[in-house]
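Written out below as structure tokens is the structure these notes cover.
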Ligand code: MF3
Ligand code: CO
Ligand code: CO
């Protein structure tokens, strides 16, 4: 089947736009990573993300997104996601997820990593390892035109084998000119996921949130964002933006200095 010239050009512009956005987002993560140490506040991390992004002429996507007040999310310990940077001082033993999303020439890059502050408990380390392994198992499980549910199947297998649970209520998502768009990427297998195919040209995030205890969370009633585990136990997450190509998944947010596939924490 022949694709029209206009359609081919649009597909190429999308690929190039998303690649540039993912590359810049990863570069921002590489810049911030060494600063995430005990003693820094989550608000200081946010300022670094904000200034680095603006200094390079780009836009932090979270700022003012549905009234989110900061330029990134910092989710500490029992926070599953959407933690708002503020006065909290990171301390030895904490785990913290930093989620950075930037807009580069209209295209979004979205990724997150969980960091261990100095010596953490063995259980915390296992949880961080598990969430990282779940992300890469999911990437390894997908191929052109596979089912979106292949992601959830891979994630659940690894998480449950390690005795952890998978968050259902927050999901990966299509990413492009919009921050959040179709398709929905559940990290557990669902009927919708079995119907949804991941076609070449589609771009989306994979961002499994793995919990030490129950999979459920509650949104903070005051700030309207912070999601905490219902049992107060730990949660960890890693996220990449992925482009499905004819040859398989291409990770758009790979960092130079961050943990690479197979990393042992
Ligand atoms: N970056 C998050 C994600 O992975 C979304 C954060 S929404 C915000 O989808 F408004 F809190 F920034
Ligand atoms: Co995302
Ligand atoms: Co994100």
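Quick note: the coordinates plus some simple rules give every number you see, no bench work behind them. Quantities reported herein were computed from a predicted structural model and do not represent experimental measurements. Virtual Cβ from ideal backbone geometry, glycine too; neighbours counted across all protein chains shown.
What's the extension gain from residue 37 to residue 87 if we count 0.36 nm per residue and subtract their Cα-Cα distance? Could the numbers behind the result be given before it?
Details: separation 50, 0.36 × 50 = 18.00 nm, distance 1.46 nm.
Stretched fully, the residue 37-residue 87 segment lengthens by 16.5 nm.
With runs of 4+ DSSP H residues as the only contributors, calculate the mean residue ellipticity of the chain at 222 nm using -39,500 (n - 2.57) per run, divided by the residue total and rounded to the nearest 500.
Values: 5 runs with 80 residues, N = 265.
Value at 222 nm, helices only: -10000 deg cm²/dmol.
With r defined as the distance between the Cβ atoms of residue 121 and residue 246 and R0 fixed at 45 Å, what FRET efficiency is calculated, to the nearest 0.05? Walk me through the numbers on the way to the answer.
Working: r = 44 Å, r/R0 = 0.98.
E(calc), rounded to 0.05, equals 0.55.
Calculate how large, on average over all directions, the projected area of the Cα convex hull of the chain is; give the answer in nm² to one decimal. Intermediate results must be reported in sequence, preceding the final value.
On the way: hull surface 54.9 nm².
The Cα convex hull of the chain, projected and averaged over all directions, gives 13.7 nm².
Using Cα pairs under 8 angstrom and six or more residues apart, how large is the relative contact order of the chain, in percent? Mind dumping the intermediate values first?
Values: 642 pairs, mean separation 57.3, N = 265.
Once normalised by length, the contact order is 22 percent.
How far apart, in nm, are the 7 Å Cα→Cβ label points at residue 6 and residue 223?
Here the modelled spin labels are 4.6 nm apart.
Using 0.36 nm per residue, how much length does the chain from residue 260 to residue 143 gain when fully extended, once their Cα-Cα distance is taken away? Intermediate results must be reported in sequence, preceding the final value.
Values: separation 117, 0.36 × 117 = 42.12 nm, distance 2.02 nm.
Gain in length upon complete extension: 40.1 nm.
If the elastic network links every pair of Cα atoms under 10 Å, which of 43, 163, 213 fluctuates the most in the Gaussian network model of the chain?
163
Take the alpha carbon atoms of the range 37-66, find their center, do the same for the range 168-204, and report the distance between the two centers in whole angstrom.
Computed from Cα coordinates, the inter-centre distance equals 26 Å.
Using a Gaussian network model on the chain with a 10 Å cutoff between Cα atoms, which of 140, 55, 99 fluctuates the most?
Highest fluctuation of the listed residues: 55.
To the nearest whole percent, what portion of all C-alpha pairs in the range 1-131 is separated by more than 26 angstrom? Mind showing how you got there, number by number?
Working: 2571 of 8515 pairs.
The calculated P(r) of the range 1-131 puts 30 percent of pairs beyond 26 Å.
Expressed in nm to one decimal, what extension gain is obtained for the pair residue 181 and residue 216 from 0.36 nm per residue of sequence separation less their Cα-Cα distance?
Values: separation 35, 0.36 × 35 = 12.60 nm, distance 2.33 nm.
Length difference between fully extended and current span is 10.3 nm.
What shape does the range 59-163 have by the C-alpha gyration tensor, where a ≥ b ≥ c are the square roots of the eigenvalues, rounded means a/c under 1.5, and otherwise prolate means a/b greater than b/c and oblate the rest? Please list the in-between numbers first.
Working: a/c = 2.56, a/b = 1.10, b/c = 2.34.
It comes out oblate by the Cα gyration axes.
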